[in-house]
Ligand SMILES: Cc1cc2nc3c(=O)[nH]c(=O)nc-3n(C[C@H](O)[C@H](O)[C@H](O)COP(=O)(O)OP(=O)(O)OC[C@H]3O[C@@H](n4cnc5c(N)ncnc54)[C@H](O)[C@@H]3O)c2cc1C
């Protein structure tokens, strides 16, 4: 099957397919060269799309909200599958569970929790991106991680099909989860606690207020660039190594939170990577600690997990 047949398949399933799509349009950093091809399938077409891409030997990666990635300037080889059309939520009010498709935004889930008086997700309030991305990176804040509310995760696995995994199968760690290569999170069941909507709202408002006072949430960033080493915040190390306000081109270490790098408008992935290098060298020089990236770096010259 060639591109023509791939296009025909997409037309028959009403899948939006784009060629040479600039990834800067799909990342919170507003950085990233073109992906050879991009797809926006719903869940019912995903496994067939993956099968066709595999048969054609076209590499593919999956992206949710694009809020935790740096895409290199020379773009992405092969296919990018976006999950934004996989965004249904089924609610079981009695059991306080939500069955959520991976492309749902965390914000939509949190709004649903408030409306229905479900507690447990408050610590994730204000984190942008999708449920799939949050699970892939075990997103968290204020001492809370998404793994705390996960009951099970449905994965689409190559040569296996759809498989339900438990929390222990996912082996969640700080900002990571065990996802077999080339697998896609399709959906997850979250188990929450019944509470008064007004109380849930109150806690969310407090977390969002705190987040806004500490993080440059309105600027173009990808959240924390580096993982926190054991028992110390990476932001503190970067700050104490004298890196706040440091720049490479139009990328700047935020003066508000040193572990956030801001794109002031014309920043490139090369600038971003240069600044990461400079900052990690300064931290190593001063503290002897090697910082590990939290953001995922994607693109033609490599993929750092
Ligand atoms: C202003 C700001 C504040 C932030 N604050 C926080 C915070 O407090 N805590 C925190 O943890 N993070 C934070 N982040 C980072 C980011 O928002 C989260 O990590 C978020 O959960 C990423 O979700 P996403 O859908 O955008 O993932 P993406 O950036 O799209 O993808 C990230 C990774 O997940 C993989 N992935 C995405 N969807 C799937 C899927 N369906 N199946 C398999 N793999 C998938 C991708 O391949 C990629 O490797 C912040 C970011 C910003 C911009």
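Worth pointing out:
- Backbone N under 17 Å from the residue 160 label point (7 Å along Cα→Cβ), restricted to segment 168-185: 168-173, 177-185
- Net lengthening on full extension, residue 178/residue 210 (0.36 nm per residue, minus Cα-Cα): 8.5 nm
- For the pair residue 277 and residue 168, the difference between a 0.36 nm per residue extended length and the Cα-Cα distance amounts to 35.8 nm.
- Relative packing of 287-296, 20-29, 68-77, which averages over residues the other C-beta atoms within 10 Å, highest first: 68-77, 20-29, 287-296
- Inter-part distance where segment 177-240 and segment 1-33 are each reduced to a Cα centre, Å: 29
- Judged by the gyration tensor of its Cα atoms, with axes a ≥ b ≥ c, segment 1-158 is prolate; a/c meets the 1.5 cut and a/b is the larger of a/b and b/c.
- Here the relative contact order of segment 89-214, from alpha carbon pairs under 8 Å that lie six or more residues apart, stands at 33 percent.
- Prolate/oblate/rounded label for the chain (Cα gyration tensor, a/c 1.5): oblate
- Ordering of 51-57, 164-170 by packing is 164-170, 51-57, highest average first (other Cβ atoms within 10 Å, averaged per residue).
- Working from Cα pairs under 8 Å separated by at least six residues, relative contact order for the chain is 17 percent.
- Most tightly packed first, judged by the mean number of other beta-carbon atoms within 10 Å of their residues, the peptides 81-92, 181-192 read 181-192, 81-92.
- With a cut-off of 20 Å on the backbone N, the residues of segment 207-231 near the modelled label site 7 Å out from residue 266 along Cα-Cβ are 220-221.
- On the basis of the beta-carbon distance and an R0 of 41 Å, residue 115 and residue 74 show a calculated FRET efficiency of 0.40.
- Segment residue 240-residue 12, extension gain: residue separation times 0.36 nm, minus the distance between their alpha carbons: 76.4 nm
- Cα gyration tensor shape of segment 202-249, rounded if a/c is under 1.5, else prolate or oblate by comparing a/b with b/c: oblate
- Residue 4/residue 151 FRET efficiency (R0 30 Å; Cβ-Cβ; nearest 0.05): 0.10
All of the numbers you see were taken from the coordinates with simple rules; none came from a lab. All values derive from a computational prediction rather than experimental measurement. For neighbour counting, all protein chains shown are included, and Cβ atoms are generated from backbone atoms with ideal geometry for every residue, glycine included.
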